[in-house]
Amino acid sequence: MTLRCIVACLFAVLTVGCDDTSGIPTSDMVAIFSVRSFPDKQEFRAELYEETSSSLELDIGEGDRLVATVDGGKATELEKIGATIEGPASTVRITLERDSGDDGYIEADVQASMALDGTTFAQGADVTLTWSNPIQDAEVVVFVDSCADFSLEGQDQKEFVPDTGSYTISQAEMAQETGVVPDCAKLEIQRRVRTPVPADGGFLSNSAMFVRRIEEAELSLTP
């Protein structure tokens with residue numbers, strides 16, 4: 001059992017104890033991986049659970065390693081939270097490598113940038129973004145702020161909606177987020193795809209990887 005898990009257990013008084021991946025078959029694990037993909041880097045998060053205790057996240061046990069391989073290149077060992085790999089990517093594979101037991105992996109494509117049809121709109125009207133490359137079963141969400149001081153801090157969490165190739169931002173929403181209806185607005189566009197575990201990936205079939213593409217765009221709002 002790792003030191004981090006032992007310390008956490010010492011603070012967990014009269015609660016369910018910690019556990020790690022040691023001795024648990026890969027086929028009894030649920031793996032939930034997420035990748036936040038930017039133009040120049042990828043950020044990873046991993047969660048592993050045992051089928052019989054899906055509420056208890058597993059630590060990485062001795063003899064196990066969690067690694068990411070980007071575009072078939074060198075495998076990079078990951079911490080479970082906050083790991084970052086520099087550079088663009090087309091395909092990402094996250095693998096639980098095991099000295100004892102079968103490996104398990106999930107692989108997913110990193111979707112292409114959204115091809116916006118235009119970024120100039122009229123002030124005083126709703127803005128409907130459209131793009132020519134929607135992805136089936138993907139979801140999107142858009143955050144908006146002024147170009148001068150874009151920040152997600154303080155913005156309400158928005159729900160993802162199905163990727164139909166369009167997304168409408170009301171002028172009331174834009175004014176609420178930016179303080180005024182601006183002549184230049186900056187957007188953070190997030191598109192998310194859920195990739196189920198492959199049939200031969202080793203993990204339980206309800207495992208998945210969420211790949212989220214994040215990009216920015218500027219809108220011109222003219223009278």
Counting only protein heavy atoms and a 1.4 Å probe, tell me what percentage of region 38-109's accessible area is made up of carbon and sulfur. 41 percent
Rounded to the nearest 0.05, what FRET efficiency do ALA122 and GLU215 give with R0 = 25 Å and r taken as the Cβ-Cβ distance? Could you check? 0.60
Nearby lysines by direct alpha-carbon distance to LYS186 (threshold 26 angstrom, same-chain neighbours under 8 apart not counted): LYS41, LYS158
Highest to lowest packing among 71-79, 133-141, scored as the average C-beta count within 10 Å: 133-141, 71-79
FRET efficiency for LEU56 and GLU173, Cβ-Cβ distance as r, R0 = 35 Å, nearest 0.05? 0.30
Set of lysines with alpha-carbon distance to LYS80 below 16 Å, sequence-local pairs under 8 removed: none
For LEU58, list long-range residues whose amide hydrogen, built 1.01 Å from N in the peptide plane, is under 5 Å from its own amide hydrogen. LEU48, TYR49, GLU50
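The values are calculated or read from the model by the stated rules, or taken from the named source; none is laboratory data. Everything numeric in this text was worked out from a predicted model, so none of it was measured. Every residue, glycine as well, gets a Cβ built from its backbone with ideal geometry; the counts of neighbours run over all protein chains shown. The accessibility values were calculated without ligands, DNA or RNA, using every heavy atom of the protein model including side chains. Shrake-Rupley method; radii C 1.70, N 1.55, O 1.52, S 1.80 Å.
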